[in-house]
Amino acid sequence: MDSLFVSHIFSVISDTPFALVNKVFEYNAYEIFVKQEFLMMGGILKNNSWRPFIMKILVLGAGMMGRAIAYDLNKFSNYEEILIGDQDAQTRSSSKSFLQGTHVKVIPLNAEKTSEVKDQFKKVDVAVSALPYRFNYELAKLAISTRTHFIDLGGNNTIVENERRLFSKAEENEVTIIPDSGLAPGLVSIITRDIVDNLDTIDFVKLRVGGLPRYPKPPLNYQIVFSPYGLINEYIEDALILDQGKIIEKKSMTEIEELKFPKPFGTMETFLTSGGCSTLPNTYKDTIRYLDYKTIRYPGHCEKIKAILDMGFAEETKMMIRDQLVSPRDVFASLLVKNVPTTGEDVVLLKVLSQGTKQGKQRSREYVMIDYYDTEHDITAMMRTTAYPVAITAQMIEEGTIQQHGVFCPEEIIPPTLFFSALKKRGITLTIKDRSV
């Protein structure tokens, strides 16, 4: 068939309702050929079934982050079907209530059962993991086998590195895998990319992020805003620092510094933690002279938590206590959930400081974000700033903004300007100040 004829068909149906488009192909004598040609111009071929642009997505995990991802996708994306799966009946019920009035479908799904997950992956075009990071590597492999694009929240450097080793297979199967797509890593990774795009040389990038209670209560002045195990991991694993082309490991919860924010926050403390910069030291070891990541907390938090950790409460080796084997880390995580607030208004503070040169002149770029709990929709600031970036990434795949195949971290594949614009639509304001030094 003449390619000009196919182009004519494409121009006619590009603005035609999907149902009518399918009818056009149903009665076309050259159906198969036209579908193949249309695929090259933007159609979707999944498991031998073709449809123009209509895509389906699955969110694994119906907890706070998962339901916020689904909520955002329902509001802003054009996915034909949005599924969110979880094995826990109570979590599913809670998500159904939260997502009431949307077209999101909540389904039972046990992420431990490979065959169950594989069956669901085959039915969708994109899968998003809002599960603990320990699931992500196996889910990424499964997604490649079913030719399903896959996005996760990251959180563990070793697991992300293992995912990156799947690049060739993902590329071969025409699949896009994007780990580390939340807040830190995630949003801070894209900010770093924006710095690289806007400066010719870069002396330093200092990433500072913290999820905090808006109204702190002693003794820790903290609120559990995500998995307590993820929090413990950030505090005990070594932090990565990029310094003069070398990637250095340093102890977390060290190098405490002060950082100022507008009232009511004032002077906060920051200290090294793991995971936040993830792949950035490797990506930019030849571009940025110095890069580090520190967590923001109310003053005094670091000293108190470090004393607890120094007593061994983060150890995973089980101990015999009253004839029962008990993991100190499990005990600590349980006590955090029991005794530290898990609800209430929160806030996410972000400040990224950078300095370098542009056209031979010294410049500094500063990025500031203060995001608050959404009282109208009962969405925490941590949900907004972690889940919405994931949803934006999934939307970029659906819209065709992201088309590369392989395994990419956010700084390698997400266009910062478009991403920041998408955040603004969601009411997340990132203030950028560019100054001469």
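What follows is calculated from the coordinates using simple rules that are stated; it is not laboratory data. Keep in mind it's a predicted model, so treat the numbers as computed, not measured. FYI the Cβ positions are ideal-geometry reconstructions off the backbone, even for glycines, and counts take in every protein chain you see.
Report, in debye and to the nearest 20, how large the dipole of the chain comes out about its Cα centre when Lys and Arg carry +1 and Asp and Glu carry -1 on their Cβ.
The calculated dipole for the chain is roughly 740 debye.
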Review point. What order do you get for 147-154, 172-179, 269-276 when each peptide is scored by the mean count of other beta carbon atoms within 10 Å, highest first?
Key: 147-154, 269-276, 172-179
Review point. Using a ≥ b ≥ c from the Cα gyration tensor of the stretch 152-230 (square roots of the eigenvalues), is it rounded, prolate or oblate, where a/c under 1.5 gives rounded and otherwise the larger of a/b and b/c decides, a/b for prolate?
Key: oblate
Check your understanding: Using the 10 angstrom Cβ neighbour count as an exposure proxy, how do 81, 163, 237 rank, fewest first?
Key -> 81, 237, 163
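Under the rule a/c < 1.5 gives rounded, and otherwise a/b versus b/c splits prolate from oblate, where does the stretch 213-365 land using the Cα gyration tensor? Provide the component values of the computation, followed by the final result.
Working: a/c = 2.85, a/b = 1.55, b/c = 1.84.
Because a/c hits 1.5 or more and a/b fails to exceed b/c, the stretch 213-365 counts as oblate.
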Practice item. Return the single residue from 90, 244, 403 with maximal mean-square fluctuation; model: Gaussian network over the chain, springs between Cα atoms under 10 Å. Key: 90
Check your understanding: Which ordering of 224, 69 is given by a fewest-first count of other beta-carbon atoms within 10 Å?
Key -> 224, 69
Review point. Distance in nm between label sites at residue 115 and residue 96, each 7 Å beyond Cα in the beta-carbon direction?
Key: 2.6 nm
Point to revise | Cross-link pairs 206/361; 217/318; 251/304; 217/306 - those with Cα-Cα distance over 25 Å | key: 217/318
**Study point:** Residue with peak Gaussian network fluctuation, the chain [Cα springs, cutoff 10 Å], from 335, 349, 166
**Key:** 335
**Study point:** Summed residue charge, Cβ within 13 Å of residue 223's Cβ, Lys/Arg positive, Asp/Glu negative
**Key:** +1
Review point. If you add up the charges near residue 434, with Lys and Arg at +1 and Asp and Glu at -1, over every other residue whose beta carbon is less than 13 angstrom from its beta carbon, what do you get?
Key: +3
Revision key, fill the gap. So for R0 = 51 Å, FRET eff. of residue 89-residue 403 from the Cβ-Cβ r, to 0.05, ends up at 0.85
Review point. Setting aside same-chain residues fewer than 8 positions from residue 75, which lysines have a Cα under 21 Å from its Cα?
Key: 56, 96, 105, 424, 425
Exercise for review: Mind telling me which of 410, 216, 389 comes out most flexible in a GNM of the chain, alpha-carbon contacts under 10 Å?
Suggested key: 216
